[in-house]
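Asks: Okay, handing you the structure first.
Every read-out reported here was derived from the displayed coordinates using simple, explicitly stated rules and does not represent laboratory data. In this text the structure is predicted, and so the values were computed from the model without any measurement. No Cβ is skipped: glycine too gets one built from the backbone with ideal geometry, and neighbour counts run over all protein chains shown.
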Amino acid sequence: MNCKKILEKFGDRSILVIGDLILDHYIWGNVCRISPEAPVPVVQVTTESFMLGGAANVAHNIVSMGGKAAVIGISGRDMAGKTLIDMLTEKGVNCNGVFFENRPTTVKTRVIAHNQQVVRFDREDSKYVGGRILKGVVDYIKSVSAHYDAVILSDYKKGMVSRELIKGILRNSKAGRAGSRRGMFVAVDPKIGHFDLYKGVSLITPNVMEASSGSSVEIRDEKTLLQAGRALMRKLGCAAVLVTRGEQGMSLFQRGGVTHIPTVARKVYDVTGAGDTVISAFTLAHASGASMEEAAVLANHAAGVVVGEVGTAVASPEQIIESFQ
């Protein structure tokens with residue numbers, strides 16, 4: 001596998017990212033004592049930062065690896081939404097497909113002390129998007145899909161992803177039968193409770209818990225892993241299932257069999273956003289001519305880079321090449 005040659009093609013690829021846009025808010029500090037009011041740590045705040053999350057982080061990963069990205073999603077008419085759009089625009093992500101609605105922008109706030117997460121609190125409204133907003137989204141997908149090489153659906157179950165949306169994506173991307181050479185490659189980062197929605201997509205990238213839930217097979221060992229992966233293939237009719245297994249690496253299921261890929265991570269500090277990196281790297285690589293197996297190996301190396309950083313991180317081509325070396 002010539003990793004460098006595949007990475008060099010990333011600059012010619014454009015990926016359409018559809019899904020839940022999230023702003024990650026980090027509060028950093030130190031803990032020196034326990035509160036006298038309750039048995040909880042008192043965090044002395046030293047700094048705050050914002051990072052892109054959900055579908056926004058997928059798009060960030062794509063441009064970070066040298067590709068071009070556009071996002072389609074919803075944002076609130078609030079300061080968090082403005083911050084999110086400003087950050088995406090600064091990264092070079094096309095935000096023309098962002099629809100504004102009278103609901104709060106999804107914000108996940110994490111309090112970090114001494115490189116450990118103390119607590120997380122979320123601001124969100126997860127009701128499903130419908131009516132004129134959904135129609136506008138589907139119409140927009142129809143108008144732009146021909147200009148992109150692949151679609152990534154980033155499902156965080158925050159209201160954006162529905163059966164109607166996925167039908168619109170598959171219809172307008174002319175995906176037809178999953179994996180068809182005539183249709184666009186549609187990859188999904190899935191969420192528990194939504195697996196029935198993903199029928200007909202090209203690829204899904206569940207972790208072990210998600211794969212267990214989606215297949216109704218509890219994954220305990222290699223035998224049950226194989227059962228779960230094959231059950232998902234049958235249930236969804238997709239071309240491939242990539243199960244991410246943490247320290248045990250990844251397992252790629254295709255119609256011809258399964259390929260186990262061991263982890264390459266040398267250190268693991270934070271797995272936040274690793275799934276975003278996996279689906280971004282895989283889709284970019286496959287759209288650049290890599291086989292499914294080659295795309296999975298490259299995605300594995302990209303994930304190994306980001307889990308070595310604290311907070312939502314991205315991988316650069318140079319870091320991926322260094323990981324291979």
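Asks: Once all Cα-Cα distances of the range 182-271 are split into 10 Å bins that start at 0, what whole-number percent is in each one?
Replies: Percent of pairs per bin, in order: 17, 52, 26, 5, 0.
Asks: Report the full-extension gain for the segment PHE121 to ARG230: residue separation times 0.36 nm, less the Cα-Cα distance, to one decimal in nm.
Replies: Taking 0.36 nm per residue and subtracting the Cα distance, the gain is 35.6 nm.
Asks: Still on this model: Which of rounded, prolate, oblate describes the range 1-127, given a ≥ b ≥ c as roots of the alpha-carbon gyration tensor eigenvalues and a/c under 1.5 marking rounded, otherwise prolate only if a/b is larger than b/c?
Replies: Here the range 1-127 falls in the oblate category.
Asks: Report the gain in length on full extension from LYS223 to LYS142: 0.36 nm times residue separation, minus Cα-Cα distance, nm rounded to one decimal.
Replies: Value of the extension gain: 25.0 nm.
Asks: Cα-based Rg of the range 109-206 per 2.2 N^0.38 Å, rounded to two decimals?
Replies: Compactness ratio reported: 1.29.
Asks: Please build a GNM for the chain, connecting alpha carbons under 10 Å apart, and tell me which residue among ALA211, ALA146, ALA38 fluctuates the most.
Replies: Answer for the Gaussian network model of the chain: ALA38.
Asks: Which value in nm describes the separation of the simple spin-label points at LYS5 and GLN248, placed 7 Å from the Cα toward the beta carbon?
Replies: 3.4 nm
Asks: Right, something else. Please report the base-10 log of the normalised intensity I(q)/I(0) for the range 82-166, using a Debye sum with one equal scatterer per alpha carbon and no solvent, at each q in 0.17, 0.18, 0.20, 0.22 (1/Å).
Replies: One equal scatterer on each Cα of the range 82-166 leads to -0.91, -0.99, -1.16, -1.30.
Asks: Please find, in a Gaussian network model of the chain (springs between Cα atoms separated by less than 10 Å), the residue of VAL138, VAL258, VAL119 whose mean-square fluctuation is greatest.
Replies: VAL119
Asks: Same structure, new question: In whole angstrom, how far apart do the alpha carbon centroids of the range 42-57 and the range 113-156 sit?
Replies: Using only Cα atoms, the two centres lie 19 Å from each other.
Asks: Give me the Debye-computed log₁₀ of I(q)/I(0) at q = 0.10, 0.11, 0.12, 0.14 Å⁻¹ for the chain, equal point scatterers on Cα only, no solvent, two decimals.
Replies: Once normalised to I(0) and log-transformed, intensities are -0.55, -0.67, -0.80, -1.09.
Asks: Another question about this same structure. Given a 10 angstrom Cα cut-off, can you work out which residue in MET209, MET79, MET250 is the most mobile in a GNM of the chain?
Replies: Looking only at MET209, MET79, MET250, the biggest GNM fluctuation is shown by MET79.
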